[in-house]
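Here's the structure, in structure tokens; my notes come after.
The values are calculated or read from the model by the stated rules, or taken from the named source; none is laboratory data. As the structure is a prediction and not an experimental result, all values here were calculated from the model. Because the Cβ atoms are built from the backbone with ideal geometry, glycine has one as well, and the counts that use them run over all protein chains shown. What goes into the accessible areas is simple: the full protein's heavy atoms, side chains included, and nothing from ligands, DNA or RNA. Shrake-Rupley method; radii C 1.70, N 1.55, O 1.52, S 1.80 Å.
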Amino acid sequence: MGIFGGLFGKKEEKKVITAASPVKGKCISITKVNDPTFSAEVLGKGIAVIPSEGVFYAPADGKVTMAFAAGHAVSMETLEGAELLLHVGIDTVELQGKYFHMEVSDGQNVKRGDVLLRADLEGIRGEGYDTAAMLVVCNTGDFAEINCTLDKEVQPGDEVMRLYR
């Protein structure tokens, strides 16, 4: 590399991290959900999926940092350092675990596509709750750019976000 450590050599490429849809459904802008915290991107940039099935999967390889006691949300850190929050439904913490079954625990390593949680969507809707599922990049500021797939039907595992460092 020489005395300049490669400063004048090959241009460094942007590092890309991808995240997959956690559930089958319609992918929409997080700014369209009926929750002011998520829609204003207070917790970070991301997407929302209007789920058509109640099984939610890991969007990337990483480690579960918190499996919420109410069963409605999981936070994780990907192997590349993206901090992701999967939150199922609007105000569903109020259900105190009713209609949710957590499949992972704090500190557990997961692979993209592993089941994180299950939800009875009909039961949740029957109680009057919106079932939109938000996938948020909580450390948005660590990325130069975040591109999201919007207004499209998605399957679990379909790429829905690209994060650029």
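The orientation-averaged shadow of the Cα convex hull for the range 63-165, equal to a quarter of the hull surface, comes to 6.8 nm². Excluding ligands, DNA and RNA, the accessible surface per residue across the chain is 52 Å² with a 1.4 Å probe.
Whole-Hz Karplus values for the range 120-127 come out as 8, 4, 5, x, 5, 4, x, 7 Hz, taken residue by residue from phi with 6.51 cos²θ - 1.76 cosθ + 1.60 and θ = phi - 60°; glycine and proline positions read x. Across the range 136-152, coupling constants 3J(HN,Hα) worked out from phi with the 6.51/-1.76/1.60 Karplus curve, θ = phi - 60°, read 10, 8, 6, 9, 3, x, 7, 10, 6, 7, 10, 10, 10, 7, 10, 6, 8 Hz, and Gly and Pro carry x. Model label sites at LEU79 and VAL55, defined 7 Å from Cα along the beta-carbon direction, differ in position by 2.3 nm. Fully extending the segment from GLU122 to ASP142, taken as 0.36 nm per residue of separation minus the present Cα-Cα distance, adds 3.5 nm. Calculated from DSSP H runs of 4 or more alone, at -39500 (n - 2.57) each and per residue, what is the 222 nm mean residue ellipticity of the chain, nearest 500? Taken over the chain, the calculation gives -1000 deg cm²/dmol. Number of Lys-Lys pairs in the chain under 13 Å by Cα, sequence gap 8 or more or different chains? Count of close lysine pairs: 4.
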